[in-house]
Amino acid sequence: MEQKKIIVMHADILPGVDDGAANLEESCRLLEKAVSQGIVGIIATPHDSREWKPAALRELAAEVEREFRRRCPDFSLYLGQEIFYHEEMPERLRAGELLTMADSRYVLVEFSTDVSYGSLHRGIRRLIGAGYLPVLAHLERYDCLRREENFHDLEENGCLFQMNYASLQGSRFRPDVRWCRRQILAGRIHYLGTDMHRMRYRPPEIDGAMAWAEGHVEETLLREMTWENPMQILHTAT
């Protein structure tokens, strides 16, 4: 299978915002490594923080994109946030205090890895009821979703799922590669993300995961996860 163009979400590449890239140069080095593996666009997802307002994040993302386009003119950078769920989240999204994915109705949300299914379900339902399309970040980390009935119920309720490329190769967060691969093969995962942080800590390394996927996953399904579904987010941006 020939290498396809890839768009990823879940990337902590804005410099100095959270535990991601330390400075502008490291942001660009991360993007260079991503591009070398076929990634042509990224939705940056800094962690939500009251210290960084959306306007400041937009300015920073624009600065990173300007600098990197000197090296790679065809690359596209978009902005979102990885938001740790809290009860004020729907209201803060409506008020513009938190960012959706590329100004669409999609939101990347995370919970504590040991969250109860009841709490996870209520949070997802609140976001859907408020008119958003929740994408659950790195779903492989949630113990409660290892119960098939919980996973299925969340699917039925309209939740979308993002898995990290690293989890298809093994990771310190979730070493159960077989379970992760089964979810991919079953068509239950909507997006793959790098969750890139720094060059020495979670760099964007997707070649191993893509090699497995290209040998085992139906081409149309792989294209959906790596291109069509992310493009749907971008096409629905307001």
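The values are calculated or read from the model by the stated rules, or taken from the named source; none is laboratory data. Note that this is a predicted model, so its numbers are computed, not measured. FYI the Cβ positions are ideal-geometry reconstructions off the backbone, even for glycines, and counts take in every protein chain you see. Heads up: the accessible areas ignore ligands, DNA and RNA and are worked out on the full protein's heavy atoms, side chains in. Shrake-Rupley method; radii C 1.70, N 1.55, O 1.52, S 1.80 Å.
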message: So ALA237 passes all but one of these: (1) under 14 Å from the mean Cα position of the chain (by Cα); (2) at pLDDT below 95. Which condition number does it fail?
response: (1)
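Here is a yes/no grid of residues against (1) in contact with a strand residue (DSSP E or B) (Cβ under 9 Å, 6 or more places away or on another chain); (2) closer than 16 Å to ILE42 by Cα; (3) in contact (Cβ under 8 Å) with a residue 60 or more places away in the chain; (4) assigned to a strand (DSSP E or B):
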{"position": "TRP179", "(1), (2), (3), (4)": "no, no, no, no"}
{"position": "ARG182", "(1), (2), (3), (4)": "no, no, no, no"}
{"position": "ARG200", "(1), (2), (3), (4)": "no, no, no, no"}
{"position": "PRO204", "(1), (2), (3), (4)": "yes, yes, yes, no"}
{"position": "ALA209", "(1), (2), (3), (4)": "yes, no, no, no"}
{"position": "TRP212", "(1), (2), (3), (4)": "no, no, no, no"}
statement: Looking across the stretch 41-51 at residues that are β-branched (Val, Ile, Thr) and not in a loop (DSSP other than H, G, I, E, B), the single one that is surrounded by the most Cβ atoms within 10 Å (Cβ to Cβ) is ILE42
task: Please enumerate the residues belonging to the stretch 80-91 that are surrounded by 15 or more Cβ atoms within 10 Å (Cβ to Cβ) and without any contact (Cβ under 8 Å) to a residue 60 or more places away in the chain.
output: GLN81, ILE83, TYR85, MET89, PRO90
message: Need pairs with beta-carbon distance below 6 Å; first residue in contact (Cβ under 8 Å) with a residue 12 or more places away in the chain and within the stretch 119-133, second among the small types (Gly, Ala, Ser) and in a loop (DSSP other than H, G, I, E, B); sequence gap 6+ or separate chains.
response: ILE128/GLY158
- prompt: Considering the stretch 214-238 alone, what residues qualify as being of a type in the set (Asp, Glu) and either part of a helix (DSSP H, G or I) or open to solvent by less than 30 Å² (accessible area, probe 1.4 Å) (or both)?
  reply: GLU214, GLU219, GLU224, GLU228
message: Checking TYR165 against (1) open to solvent by less than 30 Å² (accessible area, probe 1.4 Å); (2) within 21 Å of MET231 (Cα to Cα); (3) at pLDDT 95 or above; (4) touching a Leu at 6+ places or on another chain (Cβ under 7 Å), only one condition comes out false. Which one?
response: (3)
- request: Could you please give the count of residues in the stretch 178-207 that are surrounded by fewer than 17 Cβ atoms within 10 Å (Cβ to Cβ), of a type outside the set (D, E, K, R) and at pLDDT 90 or above?
  value: 4
- prompt: Which condition number does ALA137 fail, the rest of (1) within 13 Å of ASP48 (Cβ to Cβ); (2) open to solvent by 10 Å² or more (accessible area, probe 1.4 Å) being met?
  reply: (2)
task: Confirm whether ALA95 is under 26 Å from ILE124 (Cα atoms), among the aliphatic types (A, V, I, L, M) and open to solvent by 50 Å² or more (accessible area, probe 1.4 Å).
output: yes
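Answer yes or no as to whether HIS121 is open to solvent by 40 Å² or more (accessible area, probe 1.4 Å) and modelled with pLDDT of 95 or more.
In short, yes.
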Subset of the stretch 1-40 [part of a loop (DSSP other than H, G, I, E, B), acidic (Asp, Glu), in contact (Cβ under 8 Å) with a residue 40 or more places away in the chain and open to solvent by 30 Å² or more (accessible area, probe 1.4 Å)]: ASP19
query: Are any of the residues in the stretch 91-98 in contact with a Leu (Cβ under 6 Å, 6 or more places away or on another chain), closer than 19 Å to LEU60 by Cα and among the aliphatic types (A, V, I, L, M)?
result: no
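Would a scan of the stretch 58-77 turn up a residue that is closer than 29 Å to SER116 by Cβ, at pLDDT below 90 and not hydrophobic (A, V, I, L, M, F, W, C)?
no
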